[in-house]
Amino acid sequence: ARESWVPAVDILEKDGNLIVQAELPGLKEKDIELRLEGNVLTLRGERRMEKEEKQNDFHRMERCYGTFSRSFTLPDTVESDKIKAEYKNGILVVTIPQKPEVKPREIPVNIG
């Protein structure tokens with residue numbers, strides 16, 4: 001039976017970028033779809049069972065297979081045309097630059 005599964009995702013901020021890290025072990029790049037519509041970033045994919053695995057008689061099966069979909073609403077401050085994605089060692093890393101004006105800056109305090 002095919003079950004849905006939900007990959008673990010971390011979202012953090014680093015060097016003025018939003019970073020989305022998704023654990024996608026066992027997937028090939030062709031099984032991953034990343035789409036931006038408006039300010040909604042959607043990650044979809046499918047983890048498939050290999051033919052050899054289907055023929056085995058499992059005593060225990062804890063890994064889930066099937067399709068997944070995760071969506072995240074991005075702030076209006078991102079530079080959507082500069083988003084980059086890299087998939088390596090089962091981890092998808094999406095780097096989302098933010099516009100410079102949203103980066104924190106120090107304001108000098110004058111003593112009068």
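The values are calculated or read from the model by the stated rules, or taken from the named source; none is laboratory data. Not measured: the values here are computed from a predicted model. Every residue, glycine as well, gets a Cβ built from its backbone with ideal geometry; the counts of neighbours run over all protein chains shown. Remember, those area values only see protein heavy atoms, side chains included, never the ligands or the DNA or RNA. Shrake-Rupley method; radii C 1.70, N 1.55, O 1.52, S 1.80 Å.
What to note about this one:
- In segment 22-52, the residues that are without any contact (Cβ under 8 Å) to a residue 40 or more places away in the chain and within 13 Å of the chain's Cα centre (by Cα): GLU33, ARG35, VAL40, THR42, ARG44, GLY45
- Scope segment 18-46; condition at pLDDT below 90 and in contact with a helix residue (DSSP H, G or I) (Cβ under 7 Å, 6 or more places away or on another chain); matching residues: GLU46
- Scanning segment 1-42 for residues that are more than 15 Å from GLY66 (Cβ to Cβ) and either open to solvent by less than 40 Å² (accessible area, probe 1.4 Å) or polar (S, T, N, Q) (or both) gives VAL9, GLY16, ASN17, LEU18, ILE19, VAL20, GLN21, ALA22, ASN39, LEU41, THR42.
- Filter result for SER80 (among the small types (Gly, Ala, Ser), exposed (fewer than 12 other Cβ atoms within 10 Å of the Cβ), within 18 Å of ILE11 (Cβ to Cβ) and at pLDDT 90 or above): no
- Checking each residue in segment 76-96 for being touching a residue at least 40 places away in the same chain (Cβ under 8 Å) and either closer than 13 Å to LEU41 by Cβ or of a type in the set (Val, Ile, Thr) (or both) picks out VAL78, SER80, ILE83, ALA85, ILE91, LEU92, VAL93, VAL94, THR95, ILE96.
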